[in-house]
1. Taking other Cβ within 10 Å of each residue's Cβ, how do Leu61, Leu34 sort, fewest first?
2. Grab the Cα-Cα distance for Arg68 and Val39, subtract it from 0.36 nm times how many residues apart they are, and report the gain in nm with one decimal.
3. Using a Gaussian network model of the chain with C-alpha springs under 10 Å, which one of Thr41, Thr49, Thr15 is most mobile by mean-square fluctuation?
4. How large is the helix-only mean residue ellipticity at 222 nm for the chain, computed as the sum of -39500 (n - 2.57) over DSSP H runs with n ≥ 4, divided by its residue count, in deg cm²/dmol to the nearest 500?
5. Can you bin the chain into rounded, prolate or oblate? Criterion: square roots of the alpha carbon gyration tensor eigenvalues sorted a ≥ b ≥ c, rounded for a/c under 1.5, prolate for a/b above b/c, oblate for the rest.
6. Using a 10 Å cut-off around each Cβ, can you sort Glu44, Glu77 from fewest to most neighbouring Cβ atoms?
7. Would you order Lys92, Lys56, Lys47 from fewest to most other beta-carbon atoms within 10 Å of each residue's own beta-carbon?
Amino acid sequence: MSTIPTTDAKTDGDTDARRAEALLSGHRASIDRLDAILVYTLAERFKHTQAVGRLKAEHDLPPSDPAREARQIERLEALALEADLDPEFARKFLGFIISEVIRHHERMQG
């Protein structure tokens with residue numbers, strides 16, 4: 001007489017799917033929290049860059065500082081490498097932020 005396996009493949013698959021869904025849910029919750037941190041951090045950063053823009057406008061300083069921007073990009077690339085983040089992505093991200101800051105500073109002056 002042969003024995004019939006007592007483990008149902010569909011049940012195992014359902015268990016695996018539920019486990020995967022729980023893991024996915026945990027990762028998504030973490031991503032949502034990190035997105036909130038990014039938004040609030042960017043808002044805080046822009047509050048400071050707006051203050052810088054007002055100072056530049058009041059003292060007739062240029063809206064951009066290419067030497068500082070280059071230093072910041074180098075610094076961010078180094079941080080990205082330390083954090084195991086693609087430095088090219090970090091450079092593009094900071095480049096976008098810098099261009100927005102300069103645009104705001106130009107509007108304040110003109």
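Any read-out appearing in this document is the output of simple, stated calculations on the displayed coordinates, not a laboratory observation. Only a predicted model underlies this, so the values are computations on that prediction, with no experimental measurement involved. Here Cβ is always computed from backbone atoms with ideal geometry, including for glycine, and neighbour counts include all displayed protein chains.
1. In increasing order of surrounding Cβ atoms, one gets Leu34, Leu61.
2. Additional length available on full extension: 8.1 nm.
3. Thr15
4. Numbers: 3 runs with 90 residues, N = 110.
Result for the chain, helices only: -29500 deg cm²/dmol.
5. Because a/c hits 1.5 or more and a/b exceeds b/c, the chain counts as prolate.
6. With the fewest neighbours first, Glu44, Glu77 line up as Glu44, Glu77.
7. By the 10 Å Cβ count, ascending, the order reads Lys47, Lys92, Lys56.
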